[in-house]
1. May I ask you to derive the relative contact order of the stretch 34-169, considering only C-alpha pairs under 8 Å and at least 6 residues apart, and to give it as an integer percent?
2. What is the calculated FRET efficiency for residue 23 to residue 45, with r their C-beta to C-beta distance and R₀ = 51 Å, to the nearest 0.05?
3. For the pair residue 277 and residue 125, what calculated FRET efficiency results from E = 1/(1 + (r/R0)^6), where r is the Cβ-Cβ distance and R0 = 51 Å, to the nearest 0.05?
4. Please label the shape of the stretch 34-169 as rounded, prolate or oblate, based on the square roots a ≥ b ≥ c of the eigenvalues of the alpha-carbon gyration tensor (a/c under 1.5 means rounded; beyond that, a/b larger than b/c means prolate, else oblate).
5. Rounded to whole Å and sorted largest first, list the principal axis extents of the Cα atoms in the stretch 102-142.
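Just so you know, all these numbers are worked out from the coordinates, no wet-lab data involved. If you're wondering where the values come from, they're calculated on a predicted model, not measured in any experiment. Cβ placement follows ideal geometry from the backbone for every residue including glycine, while neighbour counts extend to all protein chains displayed.
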C-alpha cells in the first residue's frame with residue numbers, strides 16, 4: 001500500500017493473484033488500478049477563427065490532475081484531428097502544434113495555466129461527470145466567447161499511464177506534424193562580427209560561433225524564449241554549432257544548430273570575420289529543450 005498508493009482491498013487482491021509474492025504483487029498491481037481518465041478534445045471559436053486541442057489526465061481516486069495540455073492556433077488543420085486518438089499521441093501532437101507558425105503562444109500559455117486552476121476548483125465535477133457536463137464546464141470557462149467542443153474520454157490503468165506507448169502501439173486518426181515533416185525549424189540569423197575572429201570561408205563544421213536570431217516570425221520568438229536568446233524584449237547573441245557550411249567565390253552559407261530540430265541559417269561575405277568560441281563541445285543545448 002505504501003509503495004503503490006493502493007487501498008487494502010486492492011493490495012490483498014494483488015497478493016492473492018501473485019500467490020502472496022510481495023515483489024510480484026507490487027509489479028503487477030498497476031494493471032489493476034483503473035483510476036486514470038484522459039479527457040481528450042478539440043474545440044474552436046467560431047467568431048474568432050481560433051482552433052484548439054486539449055488534454056486533461058486525471059487520477060479519479062486521488063482527485064488529482066496529472067496532465068494539463070492545450071494549444072490554441074489560427075491553423076484550421078488542427079481541428080481536423082480526432083480526439084479518439086491515444087492520449088499520448090494527442091499530447092505529442094499538442095506540443096507539435098505549439099511549434100506551428102499559427103500557434104498563439106502567449107494566449108495558449110495563459111489559458112493553460114488558468115484552465116488548470118479552474119479545473120482544480122471543480123475537480124469533483126470533473127472526475128465524476130460525463131463528457132457533456134465537462135463540455136459545459138469548458139463553455140463556462142470561455143464565456144463570453146462562444147466555443148464548439150468535441151470531447152472523448154479514455155480510461156487507463158496505472159500501468160498503462162506510467163508506461164508510455166511505443167510508436168507502433170499509438171492509434172490515431174491523424175497525427176501530423178504540420179509543416180515539420182523533417183522535424184526541423186529553420187530560423188534566419190546573423191553571425192556576430194569580430195575583428196579578431198575567423199573569416200567565414202575558413203570556418204569548419206563543428207566549430208562554435210556566436211550568432212543572433214533575427215527572424216521576426218512568431219515561431220522564432222517562441223523558440224528564442226526556449227533556448228535563452230531573448231532577454232528583456234531583445235534578442236541576444238547565442239553560441240551555436242556549425243552543422244554545415246558551403247562556399248562560393250563570394251559568399252558562405254552557414255547553417256548552425258541551436259538545439260535538436262532548431263537550425264539557423266545566414267549568408268555572409270567570405271572575408272566577414274565571425275566571433276568563435278574555443279569550446280567545440282555541444283552538450284549545453286541537449287539540456288535546454290525538454291522534448292529532446
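1. Details: 221 pairs, mean separation 46.5, N = 136.
In percent, rounded to a whole number, it is 34.
2. Details: r = 52 Å, r/R0 = 1.02.
Efficiency for this residue pair is about 0.45.
3. Values: r = 55 Å, r/R0 = 1.07.
According to the calculation, E is roughly 0.40.
4. Details: a/c = 1.82, a/b = 1.21, b/c = 1.50.
Judged from the Cα gyration tensor, the stretch 34-169 comes out oblate (a/c at least 1.5, b/c at or above a/b).
5. Extents along the principal axes: 33, 17, 14 Å.
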